Amino acid sequence: MKYLLLATLPLLMQPLQAEEQIDAGENLYKSRCGMCHQLPEPGMLTAGQWRIVLETMQKRMGHIEMPPLSREERERILGYLEQRAKGL
Ligand code: HEC
């Protein structure tokens, strides 16, 4: 249920041209960030905090020899999270 909400709500709120990129970011987020714990709610942190969290998670991925996020993957995930992040 929660996933359904997460997946549909943002689509209704996004301007059209950004949709595809955000979707790509969201898919990556789901595949890369839900392996070790449940997917955190994007609105729980600010854009700046997400940037820092991603650095930390990259290191954690390294600890278990999971391939790190490529620069492109990281930017896409951040793009998605920043759209949903809480304001300052
Ligand atoms: C290699 C395993 C692993 C992966 C992959 C991973 N995390 Fe984490 N994450 C952890 C661990 C371990 C913790 C700390 C313990 C916990 O909260 O479950 C954590 C905690 C968090 C927290 C809570 C704040 C904190 O720093 O403790 C957030 C937010 C988070 N992760 C986001 C992400 C995001 C976004 C991604 C994808 C880029 C991601 N995680 C991928 C292992 C991982």
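If you take the residues in region 30-68 that are within 6 Å of the ligand (Cβ to nearest atom) and outside any helix (DSSP H, G or I), which one is nearest to ALA85 (Cα to Cα)? Out of the qualifying residues, it is PRO40. Can you find even one residue in region 51-65 that is small (Gly, Ala, Ser), surrounded by 12 or more Cβ atoms within 10 Å (Cβ to Cβ) and either modelled with pLDDT under 95 or within 15 Å of GLY79 (Cα to Cα) (or both)? No, region 51-65 contains no residue that is small (Gly, Ala, Ser), surrounded by 12 or more Cβ atoms within 10 Å (Cβ to Cβ) and either modelled with pLDDT under 95 or within 15 Å of GLY79 (Cα to Cα) (or both). Contact map, region 44-57: first residue farther than 16 Å from PRO68 by Cβ and aromatic (Phe, Trp, Tyr), second residue more than 6 Å from the ligand (Cβ to nearest atom) and not in a helix (DSSP H, G or I), Cβ cut-off under 8 Å, separation 6 or more or different chains; pairs are TRP50/ALA85.
The values are calculated or read from the model by the stated rules, or taken from the named source; none is laboratory data. Keep in mind it's a predicted model, so treat the numbers as computed, not measured. Quick reminder, even Gly has a Cβ in these numbers, built from the backbone with ideal geometry, and neighbours come from all protein chains shown.
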